[in-house]
Amino acid sequence: MKKTLLLTTLILLTILTACHKDQPEINNTPTDPCSFAKEVSADFTMEEYGWNSKRLSETDTMYSGMNLLFTALDSNAEYTWYIGAEVITDRSFYRNFGSSLIGQTLPMHLVVKKDPNLICLPNDDGYDSITKYITIIDPGDPNQFYIDTNYRIEGLYRMKDINCIDSVDITIDIVNNYLYQASGFNWYQIFVFKNLDGQNIEIPFRRNGTTYRQFWFEQNGLGFNNDCYLRLNSPSNIEIKLGAHVGYPSYHFFGRKLN
């Protein structure tokens, strides 16, 4: 009898063990409903439209005669912009700043009102204001751009590609007449990037779209993709992104100007 009971018990334990499935652990950590809550903000962007292009560059300096796009970052709010003598209530709009404003630094003021999230942010009054400034400069004579020395852009830069460990020293020249060895033809109005690979390679580009902060480059019929640009993030900080071409890799550099 004891043997029969023992055998029955072992069989039941085996069945129960075989049928057992591990249950997923229940995460009892509650999600904080306020983790993404933010106070009402009047922050906004100012983006200059590029010549020959609909591309935009965020900036605090722009060429006269160009359009500047204003966009408030906070959504679903009440907006009051003060742009000179004009009062605007749209979230996003653009304005043109003509040559009569060259040399001036103009205040751009935005007030934002919105129902605050008092549960998460009990001290938020639902009101914010901010003033940013835009400086208008003379675009200069486009016929002289590739002839006169451009101290703002030309020079030597220490840069690092996002896919590389070591930095390289890259030179940027702007020339009106350039003999491109690969084609055997003279090219005009060219940006020349030298030593991109650390082995003195030179690649020329024609620009296709310009703002004060940024230059975009066309393919030149060489198979480069359209995501090619030079961006001046600040007077001493620069970004270069050049798309791939047969025989060349793509580049995405960040760096600073040495001279």
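Computed from the coordinates by the stated procedures, all read-outs in this text should not be read as laboratory data. Source: prediction; values computed, not measured. No Cβ is skipped: glycine too gets one built from the backbone with ideal geometry, and neighbour counts run over all protein chains shown.
Worth pointing out:
- Inter-centroid distance (Cα atoms) of the stretch 149-213 relative to the stretch 69-105, Å: 35 Å
- Surrounding net charge for Arg55, when Lys and Arg each add one and Asp and Glu each subtract one, Cβ distance under 15 Å: -1
- Each Lys or Arg adds one and each Asp or Glu takes one away; over the other residues whose Cβ falls under 11 Å from the Cβ of Leu121, this sums to -2.
- Local electrostatic count, Tyr212, Cβ distance below 12 Å [Lys/Arg +1, Asp/Glu -1]: -2
- Diffusion constant of the stretch 44-137 at 4 °C, which comes from Stokes-Einstein with the Kirkwood Cα-pair radius and 1.567 mPa s, µm²/s: 90 µm²/s
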